[in-house]
Structures are given as C-alpha cells and as structure tokens.
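Step one of this worksheet: look at the structure below.
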Amino acid sequence: MTHTDSPGARSAPWVVLKFGGSSVSSRTRWDTIGGLVAKRKSEGFRVLVVVSAVSGVTNALVALSAPGGDIAQRREQAAALETRHRTFAQELGLDPETVIGDLIAQLHALVDDPRAAVSALDWQADVLALGELFSSRLGSAYLSANGLDLRWSDARAFLRAQVLPNQSDWAARLSVNCRLQPEPGFHERFAAQGDTLITQGFICADDDGRTAILGRGGSDTSAACFGALLGAQRVETWTDVPGMFSANPRQVPQARLLTRLDYEEAQEIASTGAKVLHPRCISPCREARVPLWIRDTSRPDFEGTVIGPRLADAAPGVKAISTKRGIVLVSMDGIGMWQQVGFLADVFERFKRHGLSVDLIGSSEANVTVSLDPSDNLVTTDVLERLAADLSEVCRVKVIAPCAAITLVGRGMRSLLHKLSDVLAEFGRERVHLISQSSNDLNLTFVVDEAVAEGMLPRLHELLIHAQAMPVEETAVFGPSWQELERGAAPLPSPWWAQRRQVLMQQAGQGTPCYVYDLPTVREKARGLRRIGALDRRFYAIKANPHPQILRTLEAEGFGFECVSAGEIEHVFNSLPGLDPTRVLFTPSFAARSEYEAALAHDVWVTLDSVYPLRHWPELFAGRDLWLRLDPGYGRGHHEKVRTGGSGAKFGLPLAALEDFAQEARRVGARIFGLHAHLGSGILDASHWRDVFGRLAAAAESLGTISALNLGGGLGVPAERGADPFDLDALAHTLAEAKALCPQYSLWMEPGRYLVADAGVLLLRVTQVIDKGGVLRVGVDGGMNTLLRPALYNARHEVFNLSRLDEGDAISCDVVGPICETGDVLARRRRLPETFEGDVLLVDTTGAYGAVMASAYNLRGLPAEAVLE
Ligand code: ADP
Ligand code: ASP
Ligand code: MG
C-alpha cells in the first residue's frame with residue numbers, strides 16, 4: 001500500500017478534479033480523466049476526483065422519484081436506468097455484475113421501498129444519490145483496470161449537511177449546504193484512504209447518517225467543499241465548455257471566454273443563472289482562498305477560466321450577461337402601505353414560514369414585488385398556492401410567472417450607466433416587470449416574460465460590446481469568442497483586401513485618406529440577395545455609397561435604386577442613362593414640394609410618409625400610384641440614431657393615421673399601391689423582416705388596394721470579420737414562409753449598407769504616435785471628417801496596420817484623427833503591431849456611409865475614392 005503510506009505523498013497538496021455529466025459519459029472521456037489524474041500526480045499532487053452522474057441520469061432519477069408516480073412506471077424507469085448503466089459498463093470493458101450489481105439491486109429495491117409514500121424526502125435523496133454512485137463506481141473500476149492506483153471513496157463519509165435556520169424540509173434534504181469546518185479526525189481519516197481517490201459529487205450525509213443532496217448541479221459544490229476542507233491547491237471543474245463566458249455560449253455564439261474572474265464576480269455570474277458553476281460552489285473556495293479553474297474535458301490543454309482573489313487594478317465593466325428562467329414574481333399590493341408599520345415584516349414572515357427564499361425586491365408606496373429563486377419545490381409542490389393564501393390575509397397578491405431575470409454582471413455597474421442607454425432602450429421594447437440593482441454594485445437585473453428573454457440575449461450582448469460597456473479589448477480578462485473556439489484551428493476566411501494588399505499599398509502611395517471599393521465583393525453580396533426566391537424586386541439604397549461604378553455594378557445585377565433626394569435621383573439617371581424609371585424608388589423625409597415634383601417628372605415611384613403632401617399639394621398626386629411608408633410603432637438597430645421607426649423617429653405614418661391617409665388619397669384621386677416600412681439598420685436577426693411583413697400585410701388587408709410590400713433594408717453587417725455573417729438562408733426561409741401566407745403581394749426589399757460595407761476599406765497614413773498619461777494614441781490623416789460613423793453612431797470598425805500585416809500585435813492604442821474635436825476617435829483600445837509614422841492603417845468595412853458622409857470640417861480635404869474591378 002505504498003500510495004497511502006509514503007510520507008512524501010501524505011504531505012503533498014491536494015488538487016480536486018471535478019468532472020460533470022458529459023465528461024463522464026464515454027470511454028474517451030474517461031481516458032482523458034485518467035490522463036489528467038496521472039499528470040497531476042506527476043506534478044506532485046494528491047488527487048481527488050469528484051464525479052457527476054452520467055449525462056441524463058439525474059433527470060431520469062428525478063422523474064422516477066417524482067411524488068405521486070405509479071409503481072409500474074417507476075419499474076420501467078428503473079429498468080431503463082439499469083440498461084443504460086450495464087451498456088456503459090460494457091463500453092468500458094467492465095463486467096456489469098461485478099462492478100455495479102449491488103447498485104442495480106439497490107435501485108430496484110428503492111422502487112418498491114414503502115418510504116416513497118411515508119417518508120418521501122429521505123427516499124428521494126437515496127434515489128437521487130444513485131446516479132453519482134453508479135458513475136463513480138464505473139469510473140473507479142475502469143481507471144483501476146487501466147493501471148491507475150486509485151480508490152473509491154464514499155462522499156457521505158466526509159461531507160456533512162449543514163442545518164440552516166428556517167430551511168424548509170425539502171431544502172434540508174434535497175438542496176443542502178455543507179459544513180466547511182472539518183470534524184475532529186477528518187484529515188487523518190481522509191488521508192488514510194490514499195493519495196488518489198474518486199468520489200461522488202451531489203451527495204453528502206446529515207448528522208444522522210442519512211443521505212442528503214446538494215441540489216441540481218451540486219457536484220461543483222461538492223468539489224468546492226472538498227477543496228476547502230482539504231485546503232487544496234485548487235479545484236478544477238472539467239466540463240463541456242472551456243470556461244465561463246460573457247454569456248451562455250450556446251445562446252450567444254459571440255460570447256467571449258472570461259479568462260480571469262474574481263470570486264465575487266464569478267459568484268454573481270453563477271447565481272444569476274450561468275449553469276456552468278453551481279452558485280453555492282464559489283463561497284467555499286473564496287473562504288478557503290482556493291482558486292477555482294474551469295476547463296474543457298474535450299480540449300484538456302486549453303487554459304480556460306481562473307477564478308481567484310480580486311485584482312487590484314480591476315477596471316469597471318460588464319463581464320457577463322446571464323439569464324435565469326423559471327422566475328416567479330409575487331406582486332403584493334398593500335392596503336394603505338404608506339408609513340404602515342410592519343407591513344414588510346408581515347409579508348416576509350410568510351415567505352419564511354413556507355421556506356421560500358426571496359431574491360429581488362422592488363417596492364413602491366403601494367406595492368412590493370419580489371422574485372423567488374427558482375427551485376424544484378416551486379414546481380413540484382403546492383407551496384406557491386399556500387403562500388398566496390397566507391399572503392392574502394395581509395395584502396392583495398398576484399403571482400406573475402413564468403418570468404426570466406436577465407442580469408448584467410460586472411464591477412462598478414453604477415459608473416457604467418451612461419454606456420447602457422442602448423441596452424436600456426432594448427428593454428424598453430419589452431414588458432419589464434422589475435428592475436433591481438444590487439447593493440454590491442455588481443449587478444443590474446431586469447425581469448421580463450420568460451418567452452422573450454432568450455431572444456434578447458445575442459442583441460444585448462452585441463449592444464454591450466458596441467457601447468464599450470463590456471470592455472472586450474481587455475485581453476487580460478476577455479479571451480476568444482465561443483464561435484472562434486468552435487471554428488478551432490480552421491483559418492478565418494481572409495478578407496478581399498488581404499489578398500490585394502500590394503494594390504492597396506500602391507493606392508495609399510498615391511494619397512491618403514482614400515476609400516477603396518472592391519466590385520467583386522459588391523457582386524457577391526448582390527448575388528446572395530438574388531438567391532432569395534421570395535423577393536420579387538430588389539433595390540439598392542444609394543445613400544450608403546452612390547459611387548457610379550457601384551451603381552453600374554448593381555444595375556447589371558438586376559437591382560433598382562432607392563433614392564431619398566432629388567439630387568440622388570439626378571445622380572442615378574446621370575450615372576445610368578436610359579434607366580427604366582420604374583426601377584427607381586423615391587422615399588424622402590421632410591422633402592420640399594419641388595423634390596416631389598422633380599421625382600414625379602421622372603416618373604419614378606414616390607413614397608409618402610405623412611398625409612401632409614396629399615393635403616397641401618393634392619394636384620401633384622392626382623391619378624398617381626403611390627407608396628406609403630408606415631411606422632408600426634417601434635424601431636430596430638444597433639444604435640438609437642439608426643432606428644427609423646417608433647415615436648422617437650421622424651419617419652413613417654403611424655398606424656393609427658392609416659384611415660385618415662386612405663381617405664385623403666381617395667379624395668385626391670391617388671391609389672395606395674404599396675406599403676413600406678424600414679425600421680432601422682444593423683439588424684442581425686432575420687425574424688425581424690417576417691414581423692415587418694406581418695404588420696404590413698395586416699395594414700394592406702385593411703386598405704384593400706395594395707399590390708406590393710417593401711420590407712425596407714437594415715440587414716446587419718458584423719463589425720468583426722470573424723463574426724457570423726448575416727444569415728441570408730434564415731432570411732430566405734422566413735420570407736418564403738411569409739410569402740406563402742400572402743402570395744398576392746409582390747415583395748420588395750431595399751438594402752443599402754449590406755451590399756457595400758464589406759466591399760470598402762479606408763486607407764489612412766500614420767502622422768504621429770504619442771503616449772500621453774499611459775494612453776497610446778496613433779494619429780492618422782483622416783478622422784471624423786473622413787469617417788463619421790464612430791463619432792456619430794459609436795460604430796465599431798476594425799483597424800489593421802497594412803504596412804505590418806504580418807507582425808504580431810504589440811501595442812494597445814486609440815486611433816485618432818486630426819480634427820479639433822475630442823470625439824475625433826476612430827477606434828479605442830485596439831491591438832496593433834508596433835506602429836510608426838508613415839505606416840498605412842486600414843479601417844475595415846467602410847464601404848457604406850464612409851466617403852459619402854465625409855465633410856470638409858476644419859477645411860481638410862475630402863477623401864479620394866478608388867475602385868478595384
Ligand atoms: P457539467 O455537467 O459539466 O456540470 P453543466 O451543463 O452543468 O456542465 O454546465 C456547463 C454548461 O453551462 C455549458 O454547456 C453551457 O451551456 C452552460 N452555461 C450557461 N451559462 C454559461 C456561461 N456564462 N459560460 C459558460 N457556460 C455557460
Ligand atoms: N448529477 C447532478 C445533476 O445533474 C449533479 C451535477 O451534475 O452537478 O444535477
Ligand atoms: Mg453542472
């Protein structure tokens with residue numbers, strides 16, 4: 001028994017390795033576990049392996065032990081569990097009978113155990129414990145058979161449930177905390193088992209030796225408690241993602257790996273819903289000062305998240321956005337609560353009586369609303385009804401469920417409020433039941449209907465990055481995105497300009513600032529849109545980039561043109577002489593009468609967006625087919641200034657005024673031929689246009705004269721090349737569905753930025769590089785006068801040093817222009833190779849709203865433009 005008796009091993013520090021369900025569900029994973037244990041041993045550690053049940057087994061055990069189940073069904077469920085474990089034993093090359101025969105017998109005995117009826121909680125705990133007993137037994141036998149000298153240990157001999165005041169009977173058995181003070185003799189007893197052990201997560205024992213359960217997902221907490229009791233070097237939780245991310249990566253592929261977190265932040269992220277760590281697992285580690293690692297069993301060499309003490313120089317910023325589903329809100333209207341003594345005490349006493357823990361609280365003079373932590377007993381028992389009945393003695397009660405809490409987590413939340421305006425606006429579009437800000441300044445929570453929460457996450461995450469509230473440039477904290485990691489080593493598709501770098505350098509030699517457009521990219525985008533079969537006609541919104549060669553390219557691809565001024569109309573006909581006027585749409589905003597006259601003289605399609613022109617210039621429109629732009633009451637997009645719907649925006653006729661408009665049109669003798677809506681830009685979620693379609697089709701039905709619907713544009717262009725492109729297939733699919741519902745309408749769209757943004761880059765030359773007070777600024781010869789989007793919309797554009805494309809990033813800097821304005825910053829906190837005066841910088845994705853928005857401010861010259869065929 002050398003492994004227990006060697007004095008060297010006795011004094012070696014412990015590491016605790018915890019493996020979750022998917023990490024223990026296949027033979028390959030167990031080989032990884034074996035390899036990791038051997039590695040930690042070779043590094044001089046004693047190793048404790050803590051395992052979860054095999055994937056899905058705890059769910060099956062929960063179903064089997066549900067109160068009120070019938071015995072025949074339970075027998076079937078037990079038989080399925082038996083088969084599952086026997087098959088897995090065979091996959092591991094083990095004899096099921098020898099390794100788990102006794103546990104299988106226990107499983108069947110528990111099905112017939114009379115305690116199910118009389119002492120349900122004790123019985124449930126014993127049933128639930130079986131999952132981890134099975135997996136640890138199988139793992140122990142497999143690893144031993146493969147040459148690892150490791151012992152199986154029963155967690156219930158070492159982890160003790162802690163009795164807490166006011167705990168419900170349910171929590172005291174099925175959702176327990178563990179004591180962190182070792183019992184007398186603990187260390188000796190534990191060490192006597194050996195220096196390489198495997199035990200169960202999720203289970204412990206109470207002082208009477210009965211099995212108790214740590215709650216769903218509680219294996220993390222078992223590992224943390226062992227880590228604390230043993231004063232381990234660290235606890236490593238091995239799971240199916242390579243760390244904690246800035247959002248659940250399965251819902252938000254753009255979520256970034258958080259490489260370093262402090263205990264408090266991790267606690268907040270875990271307790272607000274990030275399932276990757278059980279909320280109760282942080283505090284044992286924090287109290288015992290044991291670092292907690294999160295690692296991915298399928299990528300054992302990848303360094304994931306390290307959770308430890310707070311770093312002194314931690315800057316404020318949102319680290320993560322999490323959601324918790326299954327939230328129940330209890331809204332209580334006091335009867336004359338203002339200054340009523342003891343109302344809250346009366347109310348909360350009742351929550352205590354039912355063992356329910358309150359999470360968030362919002363209160364006003366007449367109402368107190370609280371949220372309850374989701375827990376199994378809320379669903380599986382009638383505790384809510386009993387609570388509501390009790391509460392109705394002192395107030396009027398309303399239970400609002402199911403809700404979801406969406407939480408922004410990060411240090412210094414209160415100092416970030418000015419950066420959250422877009423995020424708040426996003427919530428403003430939904431029904432928010434409760435907002436709460438934690439007193440530790442670490443979180444801001446919004447409770448909304450459960451149905452809308454998940455869909456909001458990718459958008460909110462994007463807005464947080466966009467507004468620089470989530471400082472993803474901090475490379476000490478933010479690692480790669482989930483999407484980048486999933487793509488693995490596969491190289492990112494290289495942008496067109498990387499292949500044409502020499503040409504671009506020559507172009508820069510002829511003068512900067514200079515925009516360069518790549519026509520093959522414009523064609524590629526146009527062809528993508530042409531493949532959307534449900535669209536009958538496509539227009540290009542020329543305001544994005546009216547360069548004549550771009551117009552010619554798109555004309556050849558069958559596009560029409562959407563113009564917003566008489567000047568744009570003239571420009572289109574000058575650039576494309578002989579163009580059929582029905583390929584031109586005129587959709588102005590607050591234009592003068594003369595512009596409408598000019599458009600009508602060209603015989604192009606004219607769109608009105610208020611009743612004013614009909615009322616004041618009726619003679620212009622008599623006998624005409626017109627388009628009407630509607631405002632369905634909300635806008636969309638990446639920034640307030642690009643949202644073109646809703647009462648805050650100047651565009652569109654409100655739906656409520658539709659009848660008035662229709663009457664005026666009849667009076668004037670004009671026909672409303674088509675309905676149009678364009679609600680904003682930078683929209684990445686294809687379902688938006690289906691929604692627009694639905695609203696336009698409903699309005700069209702009420703009018704009866706409509707032949708065509710124009711769904712606008714706004715197709716998003718991700719700011720980063722590595723991000724997922726706009727999903728054209730999803731758009732095609734959703735439009736096909738919409739079209740099938742109302743095939744009578746011709747369907748039109750009019751994207752602008754989408755067609756040209758990726759096709760353009762801006763070349764700038766470095767003028768000066770200055771370090772001022774620790775902030776490094778790279779000056780370039782074009783700023784907000786050349787590219788306005790960053791100053792106007794906070795738009796993010798990637799910046800590359802084209803002169804040093806092959807050199808690694810070495811500096812973190814702001815890229816600033818020469819304009820005498822503080823806002824003249826093109827990019828903040830960017831990583832670049834070491835950069836010098838004379839280098840050429842490339843600002844990416846600037847084919848739209850670049851040159852056309854440039855100004856002569858400060859009497860600086862306008863940028864040049866060049867086109868590559
Ligand atoms: P295990 O079985 O290994 O304990 P869990 O399923 O309990 O694994 O936790 C890992 C899962 O947590 C991930 O697969 C992911 O879907 C989810 N998750 C939720 N939020 C986050 C987040 N912010 N970061 C990482 N994973 C998260
Ligand atoms: N097996 C338990 C569960 O599924 C504990 C865990 O996996 O952490 O909840
Ligand atoms: Mg888990």
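The values are calculated or read from the model by the stated rules, or taken from the named source; none is laboratory data. All values reported here derive from a predicted model rather than from experimental measurement. FYI the Cβ positions are ideal-geometry reconstructions off the backbone, even for glycines, and counts take in every protein chain you see.
For this structure, a couple of remarks:
- Filter result (under 20 Å from Pro471 (Cα atoms), buried (at least 18 other Cβ atoms within 10 Å of the Cβ) and touching an Asp or Glu at 6+ places or on another chain (Cβ under 8 Å)) within region 777-795: Val778, Ala791
- Looking only at residues in region 433-446 that are surrounded by 15 or more Cβ atoms within 10 Å (Cβ to Cβ) and modelled with pLDDT of 90 or more, the one that is farthest from Met244 (Cα to Cα) is His433.
- In region 228-241, of all residues being within 16 Å of ligand 3 (Cβ to nearest atom) and more than 28 Å from Thr445 (Cβ to Cβ), the one that is farthest from the chain's Cα centre (by Cα) corresponds to Glu236.
- Within region 41-62, the residues that satisfy the criterion of being surrounded by 14 or more Cβ atoms within 10 Å (Cβ to Cβ) and away from ligand 3 (no atom under 16 Å from the Cβ) are Lys41, Phe45, Arg46, Val47, Leu48, Ala60.
- With respect to being under 26 Å from the mean Cα position of the chain (by Cα) and not polar (S, T, N, Q), Gly326 fits the description.
- Residue within region 614-632 that is assigned to a loop (DSSP other than H, G, I, E, B) and within 45 Å of the chain's Cα centre (by Cα) present: yes
- Screening the candidates Lys319, Lys324 for the property of being surrounded by 18 or more Cβ atoms within 10 Å (Cβ to Cβ), at pLDDT 95 or above and more than 22 Å from Trp14 (Cα to Cα) yields one hit, Lys319.
- Criterion (surrounded by fewer than 21 Cβ atoms within 10 Å (Cβ to Cβ) and within 13 Å of ligand 1 (Cβ to nearest atom)) met by exactly one of Gln233, Gln251: Gln251
- Checking the stated criteria, Arg411 turns out not to satisfy the condition of being charged (D, E, K, R) and surrounded by fewer than 14 Cβ atoms within 10 Å (Cβ to Cβ).
- In region 169-216, residue surrounded by the most Cβ atoms within 10 Å (Cβ to Cβ) [restricted to those that are closer than 23 Å to Val47 by Cβ and either among the hydroxyl-bearing types (Ser, Thr, Tyr) or within 16 Å of ligand 3 (Cβ to nearest atom) (or both)]: Gly201
- Per the conditions (1) in a strand (DSSP E or B); (2) of a type outside the set (Gly, Ala, Ser); (3) surrounded by fewer than 22 Cβ atoms within 10 Å (Cβ to Cβ), the sole criterion not satisfied by Phe561 is (3).
- Checked against the criterion of being within 16 Å of ligand 1 (Cβ to nearest atom) and of a type outside the set (Val, Ile, Thr), the candidates Gly218, Gly185, Gly209, Gly194 yield just one match: Gly218.
- Search result, residues across region 53-70 that are out of contact with any Gly (no Cβ under 7 Å at 6 or more places or on another chain), on the phi < 0 side of the Ramachandran plot and within 16 Å of ligand 1 (Cβ to nearest atom): Asn59, Ala60, Val62
- Annotation note: Cβ proximity below 9 Å between a residue of region 171-191 that is closer than 15 Å to Asp122 by Cβ and a residue that is of a type in the set (Asp, Glu) (sequence gap 6+ or interchain) occurs for Ala172/Asp206; Arg173/Asp122; Arg173/Asp206; Leu174/Asp376; Ser175/Asp376; Val176/Asp206.
So that you can scan it fast, the table gives a plain yes or no per residue for (1) free of Cβ contacts under 8 Å to residues at least 24 places away in the same chain; (2) within 16 Å of ligand 2 (Cβ to nearest atom); (3) in contact with a Gly (Cβ under 9 Å, 6 or more places away or on another chain):
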position	(1), (2), (3)
Gly34	no, no, yes
Lys41	no, no, no
Val51	no, yes, yes
Ala72	yes, no, no
Glu76	yes, no, no
Leu81	no, yes, yes
Ile104	yes, no, no
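- Output for region 361-395, where each listed residue is among the aliphatic types (A, V, I, L, M) and in a helix (DSSP H, G or I): Leu378, Val379, Val383, Leu384, Leu387, Ala388, Ala389, Leu391
- Hits in region 272-312 - residues which are within 21 Å of Val50 (Cβ to Cβ), of a type in the set (Gly, Ala, Ser) and within 16 Å of ligand 3 (Cβ to nearest atom): Ala274, Ser298, Gly304
- Number of positions in region 261-289 that are of a type in the set (D, E, K, R) and within 14 Å of ligand 1 (Cβ to nearest atom): 4
- Contact map, region 499-528: residues that are free of Cβ contacts under 8 Å to residues at least 60 places away in the same chain paired with residues that are assigned to a helix (DSSP H, G or I) and among the polar types (S, T, N, Q), Cβ distance under 9 Å, separation 6+ or inter-chain. Pairs shown: Arg523/Thr553.
- So Ala541, is it within 21 Å of Met749 (Cβ to Cβ), over 42 Å from the mean Cα position of the chain (by Cα) and surrounded by 21 or more Cβ atoms within 10 Å (Cβ to Cβ): no
- When we screen Asp112, Asp154 for residues that are charged (D, E, K, R) and under 23 Å from Ala72 (Cβ atoms), the only hit is Asp112.
- Meets criteria (on the phi < 0 side of the Ramachandran plot and assigned to a helix (DSSP H, G or I)) for Asp724: no
- Only one entry of Glu365, Glu349 meets the criterion of being farther than 18 Å from His433 by Cα and either surrounded by fewer than 19 Cβ atoms within 10 Å (Cβ to Cβ) or at pLDDT 90 or above (or both), and that entry is Glu349.
- In region 34-82, the residues that are out of contact with any helix residue (DSSP H, G or I) (no Cβ under 7 Å at 6 or more places or on another chain), assigned to a loop (DSSP other than H, G, I, E, B) and not small (Gly, Ala, Ser): Glu43, Phe45, Asp70
- Among the residues of region 108-141, the ones that are more than 16 Å from ligand 2 (Cβ to nearest atom) and more than 21 Å from Leu159 (Cα to Cα) come to 14 in all.
- Listed by first and then second residue, the pairs linking a residue in region 257-275 that is more than 21 Å from Ala314 (Cα to Cα) and among the small types (Gly, Ala, Ser) to a residue that is within 16 Å of ligand 2 (Cβ to nearest atom) and assigned to a loop (DSSP other than H, G, I, E, B), with Cβ atoms under 7 Å apart and 6 or more places separating them unless they lie on different chains, are Ala274/Met244.
- Top-ranked residue in region 339-360 [being more than 22 Å from Phe446 (Cα to Cα) and assigned to a loop (DSSP other than H, G, I, E, B); ranked as nearest to the chain's Cα centre (by Cα)]: Gly355
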